[in-house]
Structure formats: C-alpha cells, structure tokens
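Asks: For reference, the structure I am asking about is given below.
The values are calculated or read from the model by the stated rules, or taken from the named source; none is laboratory data. Values in this document were obtained by computation on a predicted structure and should not be read as measured data. Don't worry about glycine lacking a Cβ; one is built from the backbone with ideal geometry, like all the others, and counts go over all protein chains shown.
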Amino acid sequence: MSINWNYVGNSTMLFVTLTTMAGCLDSGSETLTQEQGPLTAVNSSPIISGNPPPAVVVGDNYTFTPTASDPDGDTLVFSIENRPTWASFDSTTGTLAGVASLGTEGTYDNIRITVSDGGLDASTPQFSINVTQVALGSATLSWTAPTQNTDGSTLENLAGYNIYYGTSLGSYPSRVHVDNPGLTTYVVENLVPDNYFFVSTAVNSMGMESSFSNVAEKMVN
C-alpha cells in the first residue's frame with residue numbers, strides 16, 4: 001500500500017490518495033485494526049517494616065509503630081495477631097502501646113502486625129515482648145577524654161559527655177548526659193534483657209557536640 005500526497009496549485013489543501021498495490025496484501029490482511037479491552041491497573045503490595053522493642057518493665061510505657069507505605073497511595077488498614085492483653089492496638093496507624101501491670105510478667109510470643117490496602121497484605125516478622133518486674137541489667141562504659149577540637153586546636157572548654165544507646169545498630173533513642181568532664185566511666189542501669197549498642201559524644205561549654213564515637217556493644221541478660 002502506498003500513500004500519494006498531491007499538491008494542487010496555490011491551494012493550501014493537501015489531498016491524500018490511498019492506493020492498493022497488487023500483491024502487497026493477501027486475502028487475510030485487509031483488517032488493519034483490532035479490538036482491545038480496557039487496560040486494568042496492577043495493584044502493588046504495601047510495605048511494612050520496623051524494630052519492635054523486645055522487652056518492657058512493669059509500669060513502663062511500651063509503644064511500637066511500624067513504618068508502612070503503599071506504592072499506589074491506597075488507604076492502609078492494620079491488624080494484629082496475638083496482641084498482649086495489657087496493650088491496645090490502633091488499626092489506623094498500626095501502633096501497639098500499653099503499660100504492663102503487675103501480674104503480666106512473662107514472654108508474649110508470635111506477635112505479628114499486618115497491613116492491607118484492601119487487596120494485598122504485608123506483615124512484620126513475628127516478634128516477642130518480654131515483660132519483667134525489675135530491670136537488673138547494666139552496662140559499664142569507659143572512654144578517653146578528648147584533648148583536641150576537630151580542627152586540631154587544643155580543647156579547653158570540655159563540659160561533659162552524652163551517651164546514646166538503643167537495641168538497633170545505628171538507632172540510639174535513649175540518652176544520658178554526663179555533666180562532669182572529669183569522668184571517663186559511667187554505668188548505664190535499669191536495662192531490660194537485650195542486646196545494646198552504645199555511642200558517646202563530647203560536649204563543650206557552648207553546647208557544641210562532637211560526632212559519635214565508635215560503637216560499643218553488650219548483651220544484657
């Protein structure tokens with residue numbers, strides 16, 4: 001098949017002539033279009049993650065909110081399996097929170113939070129929460145006092161230290177401030193059984209804080 005474009009005089013009109021050339025089309029090739037149904041959007045599964053605290057002391061607040069998102073922007077609804085009796089659950093945010101009272105000591109296993117976009121689900125790995133009456137664990141930290149600023153000048157206004165710690169490497173939600181620059185040892189107490197990571201910083205009299213030290217790790221039983 002060929003397309004001929006014919007230009008006529010000074011007219012601005014173009015005429016198109018379709019010419020079928022012998023031998024170009026066979027008896028089964030006259031149909032140049034095909035019917036196709038409407039396209040259907042593919043639903044993507046939501047995503048959920050997070051590091052639930054593995055333990056809590058009686059009388060303390062426990063809270064865990066997973067991080068969840070949906071690639072399609074769908075509304076998400078949360079559900080939970082094996083919720084501890086002392087905790088409440090929010091199906092809108094996925095937050096598990098509560099205060100364990102006396103008599104609830106023990107380990108609560110096989111907890112799992114699931115998020116749904118109405119068609120597909122995603123779940124956290126199963127996790128446990130250990131409720132203890134008294135936290136007896138501790139970690140003794142020691143360090144060498146800094147003598148220089150980062151630019152190499154002499155450090156003359158050291159005011160103290162900050163100790164940060166948590167149960168996930170790279171995440172340190174708890175902080176202890178040591179306001180005595182002469183101390184180089186500190187005992188972090190009341191730690192529930194878990195594996196802990198610690199870092200420290202130096203603080204000068206103007207409130208300026210150094211970068212993190214190297215990471216120290218301890219398993220508290």
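Asks: Considering only the stretch 178-205, how many residues are closer than 26 Å to GLN133 by Cα and without any contact (Cβ under 8 Å) to a residue 60 or more places away in the chain?
Replies: Going through the stretch 178-205, the residues closer than 26 Å to GLN133 by Cα turn out to be 186-198.
Add one more test, that the residue is without any contact (Cβ under 8 Å) to a residue 60 or more places away in the chain, and what stays is 186-189, 191, 195-198.
Residues flagged as closer than 26 Å to GLN133 by Cα and without any contact (Cβ under 8 Å) to a residue 60 or more places away in the chain within the stretch 178-205 amount to 9.
Asks: Is it the case, given these coordinates, that SER211 is over 23 Å from ASN130 (Cβ atoms), modelled with pLDDT under 95, exposed (fewer than 11 other Cβ atoms within 10 Å of the Cβ) and hydroxyl-bearing (Ser, Thr, Tyr)?
Replies: On the way: over 23 Å from ASN130 (Cβ atoms): yes; modelled with pLDDT under 95: yes; exposed (fewer than 11 other Cβ atoms within 10 Å of the Cβ): yes; hydroxyl-bearing (Ser, Thr, Tyr): yes.
Yes.
Asks: Right, something else. Would you mind finding the one in LEU96, LEU141, LEU76 that is more than 26 Å from VAL192 (Cβ to Cβ) and out of contact with any helix residue (DSSP H, G or I) (no Cβ under 6 Å at 6 or more places or on another chain)?
Replies: Working: LEU96 fails: more than 26 Å from VAL192 (Cβ to Cβ); LEU141 fails: more than 26 Å from VAL192 (Cβ to Cβ).
Checking each option against the conditions leaves just LEU76.
Asks: Quick check on my filter: what residues within the stretch 112-121 are outside any loop (DSSP other than H, G, I, E, B) and either among the β-branched types (Val, Ile, Thr) or more than 18 Å from THR65 (Cα to Cα) (or both)? Spell out the reasoning first.
Replies: Pass one, the stretch 112-121, residues outside any loop (DSSP other than H, G, I, E, B): 112-116, 121.
ILE113, THR114, VAL115 - these are the residues of the stretch 112-121 that are outside any loop (DSSP other than H, G, I, E, B) and either among the β-branched types (Val, Ile, Thr) or more than 18 Å from THR65 (Cα to Cα) (or both).
Asks: Same structure, new question: For a quick check of your reading: which strands (runs of 3 or more DSSP E) sit entirely within the stretch 1-111 and have at least 3 residues that are surrounded by fewer than 11 Cβ atoms within 10 Å (Cβ to Cβ), more than 18 Å from the chain's Cα centre (by Cα) and at pLDDT below 95? Can you show your working first?
Replies: On the way: elements: 2-7, 14-19, 47-49, 55-57, 61-64, 67-69, 77-81, 87-89, 96-99.
Ranges flagged: 2-7, 14-19.
Asks: From the list VAL131, VAL203, exactly one residue is within 30 Å of ALA97 (Cβ to Cβ) and of a type outside the set (D, E, K, R). Which is it? Give the derivation first.
Replies: On the way: VAL203 fails: within 30 Å of ALA97 (Cβ to Cβ).
Sole residue among the options that is within 30 Å of ALA97 (Cβ to Cβ) and of a type outside the set (D, E, K, R): VAL131.
Asks: Quick check on THR140: is it of a type outside the set (Lys, Arg), in contact (Cβ under 8 Å) with a residue 24 or more places away in the chain and either within 26 Å of GLY50 (Cα to Cα) or surrounded by 12 or more Cβ atoms within 10 Å (Cβ to Cβ) (or both)?
Replies: no
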